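The values are calculated or read from the model by the stated rules, or taken from the named source; none is laboratory data. As the structure is a prediction and not an experimental result, all values here were calculated from the model. Here the Cβ is made from the backbone with ideal geometry for all residues, glycine too, and neighbour counts use every protein chain on show. Surface accessibility is based on the protein's heavy atoms, side chains included, excluding ligands, DNA and RNA. Shrake-Rupley method; radii C 1.70, N 1.55, O 1.52, S 1.80 Å.
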Amino acid sequence: MNELISKRWSPRAFSADATISDSDLRTVLEAGRWAPSHGNSQPSRFLVGVRGTPAFDAIFEVLTRGNKTWAHRASVLLIGCVITSDDRGDIPNVEFGLGLAMENMALQATDLGLISHMMGGFDKEAARTAFAMPDDVRPLVAMALGRHGDIADLPEDLQAREQRERKRLPLTETVFTGTWGRSLLG
């Protein structure tokens, strides 16, 4: 497995002083643009706010209380959205397309020495209103980007989560053949 995949994680300790260059931000967004999608429909769209801008503040305001305890230190906040139709009609599998784009972006950020953290915890209707999204656009996930900061800046409960061992289920519990639950590898 490529080391980039195992190095990617979702820390919450962002450096409040760090910035992301325009070049690095563009590189991360380009990674999202090149993600596969159903029939090359490219349904992913992104609202981007750089810390210190009204767009950043508007994205921050729609985050849940728990995410607000740490996301204000990120260099960039963004919301991943999907368009649900194009000139061919309804676009299938838009969530899959956005998921692939977000993962491309997270891996690209890791490659650039940045950190990223995806968040489902935000008010989607408030985001729709704040950014005057058309009816065929759905906000699905938010992301914080930046550089790693000091864990001590986090609330105590998040400090513990930040330092716990990363675990994944073994393949024997997630990859089946024949019938559900019968491991391909066990």
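Within region 116-137, no residue that is at pLDDT below 95 sits with its Cβ atom under 6 Å from a residue that is aliphatic (A, V, I, L, M) and open to solvent by 60 Å² or more (accessible area, probe 1.4 Å) at 6+ positions apart or across chains. Gly32 meets each of the listed conditions (1) of a type in the set (Gly, Ala, Ser); (2) touching a helix residue (DSSP H, G or I) at 6+ places or on another chain (Cβ under 9 Å); (3) farther than 27 Å from Arg161 by Cβ; (4) in a helix (DSSP H, G or I) apart from (3). What are the pairs with Cβ atoms under 7 angstrom where one residue, in region 163-186, is more than 30 Å from Arg12 (Cβ to Cβ) and open to solvent by 90 Å² or more (accessible area, probe 1.4 Å) and the other, located anywhere, is part of a strand (DSSP E or B) and modelled with pLDDT of 90 or more? Sequence gap at least six, or different chains. Pairs that qualify, where the first residue is more than 30 Å from Arg12 (Cβ to Cβ) and open to solvent by 90 Å² or more (accessible area, probe 1.4 Å) and the partner is part of a strand (DSSP E or B) and modelled with pLDDT of 90 or more, are Arg182/Phe176; Leu184/Phe176; Leu184/Thr177.
Condition check ((1) open to solvent by less than 60 Å² (accessible area, probe 1.4 Å); (2) in contact with a Phe, Trp or Tyr (Cβ under 6 Å, 6 or more places away or on another chain); (3) of a type in the set (A, V, I, L, M, F, W, C); (4) assigned to a helix (DSSP H, G or I)) across all residues:
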position	(1), (2), (3), (4)
Ser6	yes, no, no, yes
Ile20	yes, no, yes, no
Ser23	no, no, no, yes
Arg26	no, no, no, yes
Pro36	no, no, no, no
Phe60	yes, no, yes, yes
Leu100	yes, no, yes, yes
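The one condition from (1) under 20 Å from Arg128 (Cα atoms); (2) in a loop (DSSP other than H, G, I, E, B); (3) not hydrophobic (A, V, I, L, M, F, W, C) that Arg73 does not meet is (1).
If the condition is being open to solvent by less than 40 Å² (accessible area, probe 1.4 Å), at pLDDT below 90 and part of a loop (DSSP other than H, G, I, E, B), then region 139-162 contributes only Leu154.
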